[in-house]
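The values are calculated or read from the model by the stated rules, or taken from the named source; none is laboratory data. Since we're looking at a predicted model, the values are computed, not measured. All Cβ positions, glycine included, derive from the backbone under ideal geometry; neighbour counts span all protein chains shown. Heads up: the accessible areas ignore ligands, DNA and RNA and are worked out on the full protein's heavy atoms, side chains in. Shrake-Rupley method; radii C 1.70, N 1.55, O 1.52, S 1.80 Å.
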Amino acid sequence: MDETSAIQTLRTIATAEEQLKATRGAYGNLDTLLEAGFLDQRFSGSTPNLRGYRFALKATESDFAVNADPHTTDSQPTTGGRHFYLDSSDNAVRANSAGPASKNDPAL
C-alpha cells in the first residue's frame, strides 16, 4: 500500500466513525463499525493490516484516534515509510517519518 492509500483508509475510518456517532450517539471500535455496516471485513481484528499498513483505532463515546503504521509482512509489503494519525478533534491527517504519529505532529 502506498502512503496515499493509507491516508485514504484513515479518512474512510473517520467517515465511518462520524456515521456511527450520528446514528448511535457515540464513536466505536473497529468491531462496532463492522457490525454497524460502516466498514467491511478488511477491517476485522483489533489491528488490521491493509496492504502494508497496520491500523490501530482507539475510541471512547466522545472521541477517537486512529494510527496507520508501516508494517511489512511476507504477504503484505509496503511502499510507504511515514506513519500517520487522525483523530476526531480536527480530522487532520498528521505524519511522522521517525515513528508512530500523534496529534502533536504536523498536518499534511
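Residue by residue through segment 66-98, note down the ones that are more than 15 Å from Ile7 (Cβ to Cβ), at pLDDT 90 or above and touching a strand residue (DSSP E or B) at 6+ places or on another chain (Cβ under 6 Å).
Within segment 66-98, Ser88 is the sole residue that qualifies.
For segment 39-57, which residues satisfy the criterion of being out of contact with any helix residue (DSSP H, G or I) (no Cβ under 9 Å at 6 or more places or on another chain) and farther than 18 Å from Gln8 by Cα?
none
Look at Gln8 and say whether it is closer than 20 Å to Asp105 by Cα and of a type outside the set (A, V, I, L, M, F, W, C). Explain how you work it out, then say what you get.
Working: closer than 20 Å to Asp105 by Cα: yes; of a type outside the set (A, V, I, L, M, F, W, C): yes.
Considered against the rule, which asks whether it is closer than 20 Å to Asp105 by Cα and of a type outside the set (A, V, I, L, M, F, W, C), Gln8 comes out as yes.
Quick grid of which residues meet (1) aliphatic (A, V, I, L, M); (2) not in a strand (DSSP E or B):
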position: Gln19; (1), (2): no, yes
position: Leu39; (1), (2): yes, yes
position: Asn67; (1), (2): no, no
position: Ser89; (1), (2): no, yes
position: Ala92; (1), (2): yes, yes
position: Ala98; (1), (2): yes, yes
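Which one is farthest from Gly81 (Cα to Cα), of the residues in segment 1-31 that are touching a strand residue (DSSP E or B) at 6+ places or on another chain (Cβ under 8 Å) and open to solvent by 40 Å² or more (accessible area, probe 1.4 Å)?
My answer is Asn29.
Quick check on my filter: what residues within segment 32-55 are in contact with a Pro (Cβ under 9 Å, 6 or more places away or on another chain) and open to solvent by 10 Å² or more (accessible area, probe 1.4 Å)? Give the steps one after another, and end with the answer.
Restricting attention to segment 32-55, the residues satisfying the condition of being in contact with a Pro (Cβ under 9 Å, 6 or more places away or on another chain) are 42, 51-55.
Arg42, Arg51, Arg54, listed by residue number.
Can you pull out the residues in segment 23-62 that are at pLDDT below 95 and on the phi > 0 side of the Ramachandran plot?
Listed by number, the residues that qualify are Gly45, Arg51, Gly52.
Determine if segment 85-92 includes at least one residue that is acidic (Asp, Glu) and open to solvent by less than 20 Å² (accessible area, probe 1.4 Å). Please lay out each step first, then the result.
From segment 85-92, those acidic (Asp, Glu) are 87, 90; that's our starting set.
Remaining after also requiring open to solvent by less than 20 Å² (accessible area, probe 1.4 Å): 87.
For segment 85-92, residues acidic (Asp, Glu) and open to solvent by less than 20 Å² (accessible area, probe 1.4 Å): present.
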